[in-house]
1. Check Lys99 against each of (1) within 30 Å of Leu50 (Cβ to Cβ); (2) at pLDDT 75 or above; (3) not acidic (Asp, Glu) and name the one condition it does not meet.
2. Quick check: anything in segment 76-91 at pLDDT 90 or above, outside any helix (DSSP H, G or I) and touching a helix residue (DSSP H, G or I) at 6+ places or on another chain (Cβ under 7 Å)?
3. Within segment 24-65, which residues are part of a loop (DSSP other than H, G, I, E, B) and either surrounded by fewer than 17 Cβ atoms within 10 Å (Cβ to Cβ) or free of Cβ contacts under 8 Å to residues at least 12 places away in the same chain (or both)?
4. Just to be sure before I move on: is Gln80 touching a residue at least 12 places away in the same chain (Cβ under 8 Å) and out of contact with any Cys (no Cβ under 6 Å at 6 or more places or on another chain) in the structure I sent?
5. Filtering segment 1-37 down to residues that are among the hydroxyl-bearing types (Ser, Thr, Tyr) and more than 21 Å from Leu91 (Cα to Cα), which residue is modelled with the lowest pLDDT?
Amino acid sequence: MMARKKNSNRHKSEEVLIPDKLYFRIGEVATLCRLPAYVLRFWESEFPQLKPVKSSTGQRMYRKRDVESVLRIKQLLYEQGFTIAGARLQLRSEGKPDKTQSAIPFPSQASSEIQQIRRGLREILNLLSSRKTG
């Protein structure tokens with residue numbers, strides 16, 4: 001019974017505190033996220049969101065947002081049961097703003113207030129340009 005309980009919690013995401021650093025080496029990310037480094041390298045090829053920069057020595061340097069992406073991918077795959085393709089689609093939809101959101105309404109005809117503002121601005125422009133030449 002004890003082994004069963006341990007197994008059910010094996011992939012539960014625990015709150016991971018990401019240290020306040022600019023860059024993390026792959027080993028640090030593997031330890032933080034409790035994943036083998038080879039899984040991280042594989043995920044880089046599968047998820048376009050996961051693109052660590054490479055140092056001058058060719059070492060992968062993950063930023064904080066990369067670590068957050070790794071944790072989100074792990075959650076989708078291991079906890080929520082997504083396939084890699086499904087997780088990729090889910091991440092893509094999370095990254096883009098909702099297309100159903102309406103744009104800010106822009107009046108097709110200039111209201112009288114806008115016309116009045118334009119006139120005022122033209123008058124100011126005329127005053128300033130006459131000063132330069134006069």
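The values are calculated or read from the model by the stated rules, or taken from the named source; none is laboratory data. As the structure is a prediction and not an experimental result, all values here were calculated from the model. Please note: Cβ atoms are built from the backbone with ideal geometry, for glycine as well, and neighbour counts cover all protein chains shown.
1. Of (1) within 30 Å of Leu50 (Cβ to Cβ); (2) at pLDDT 75 or above; (3) not acidic (Asp, Glu), only one is false for Lys99: (2).
2. Taking every residue of segment 76-91 in turn, at least one turns out to be at pLDDT 90 or above, outside any helix (DSSP H, G or I) and touching a helix residue (DSSP H, G or I) at 6+ places or on another chain (Cβ under 7 Å).
3. Arg34, Pro36, Pro48, Lys51, Ser55, Ser56, Thr57, Gly58, Gln59, Arg63
4. Answer is no for this residue.
5. Taking segment 1-37 as the starting set, the residues that turn out to be among the hydroxyl-bearing types (Ser, Thr, Tyr) are 8, 13, 23, 31.
In the following step, the residues that additionally are more than 21 Å from Leu91 (Cα to Cα) were identified as 8, 23, 31.
Working: Ser8: 42, Tyr23: 91, Thr31: 95.
For segment 1-37, the residue satisfying everything is Ser8.
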